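Taken together, the values in this text are just the output of simple stated rules run on the coordinates, not laboratory data. Because the structure is a prediction, the values reported are computed rather than measured. Here Cβ is always computed from backbone atoms with ideal geometry, including for glycine, and neighbour counts include all displayed protein chains.
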Amino acid sequence: MTDYKKEYESIFSGLSDDDQLAFNSLNQEFDKHFVIKDAKYEKLYIMAVSMVDSGKNYVEYYNAKTKDVARVASKDLPKHRNKYWSDAAILGVYFAVLFSVTIFILGEIVISFVLPLVIILILLMVPFMNTGIKHQTSRRGNNQMLSGLIFIILFVSANLLILFMNSEFLSALKITALDASFAESLLYVLFIIVTAASVYFIFSSESWASKLIFIVLLIYSAGRLLYPFDILNGLSEFIVQYFMFIGLILIIIGQYIRSKQANKES
């Protein structure tokens, strides 16, 4: 089996500086279209060979912006799923753990407008994580320093917001707070982690039946997080008291339909 990555890197090393910049850009554009690695390098190799054999440079041969060339070239290539939301959920799990640590340190459960701000920062930092930090080990790493720097700034900012959420400086953003015993804090932290993990598994699971299970867990855990506070009292009370029973019924029905479909396919 041909190692197209190795073959591509071999021909890439012989290109001019301008052509290398163009093919680096193509490489990035293929990543933006979520082309799988093997197919990407095979296509890049074919494109580079075609250009070299023609005796022309990139501008003369392709005569188009790299994003346009990549968009057309990637249409028929196999792609992996968009990992934006699963990457965001992974970061969400990290910040959920950090938030949980602050609860144990402070001995107080704080609900603040800082939390949605952190969620916004997470959504903003994911693209910079994907184009910056993840590519630092590649040949394109030097071209991603700015993205990596922006990611670090956003990441550190989110950490500081969580750590100093209960400070006087951010007190204006506080919604409510609750003094909690160690046992109450532990239970609350458990549901924080379950909520964050459920979001991750919703976006990373392939099966809709699995997604359904984690959607039920997410809704129930979110209800348990709101229940101790005077926030959406009626809704949170309904979720805590009744939703898990409804959710279990939905899960059982979903699993039954899934097993029935599997039996038909077999």
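Taking only the alpha carbons of the chain, we obtain Rg and Dmax values of 24.4, 74 Å in that order.
Sorted fewest first by neighbouring Cβ atoms within 10 angstrom, ARG258, ARG224 come out as ARG258, ARG224. Projected label points at TYR84 and THR102, each 7 Å from Cα along the beta carbon direction, are separated by 2.7 nanometres.
For the peptides 118-125, 89-96, the ranking by mean Cβ contacts within 10 Å, running from highest to lowest, is 89-96, 118-125.
In this structure, the residue pairs whose Cα-Cα separation is over 20 Å, taken from LYS32/LYS56; LYS37/LYS65; LYS43/LYS75; LYS40/LYS83; LYS211/LYS260, are LYS32/LYS56; LYS37/LYS65.
Expressed in units of 2.2 N^0.38 Å, where N is the residue count, the Cα radius of gyration of the range 4-73 is 0.99. If you average the alpha carbon positions of the range 199-249 and of the range 1-74, how far apart do those two centres end up, in angstrom? So the two Cα centres are separated by 46 Å.
Please order PHE99, PHE113 by the number of other Cβ within 10 Å, starting at the fewest.
PHE113, PHE99
Taking every full run of DSSP H in the chain, the ones that stretch at least 15 Å from end to end by Cα along their long axis and average -0.5 or higher on the Kyte-Doolittle scale are 37-54, 84-106, 114-131, 145-163, 182-204, 208-226, 244-265. May I ask you to derive the relative contact order of the chain, considering only C-alpha pairs under 8 Å and at least 6 residues apart, and to give it as an integer percent? Rounded, it is 16 percent for the chain.
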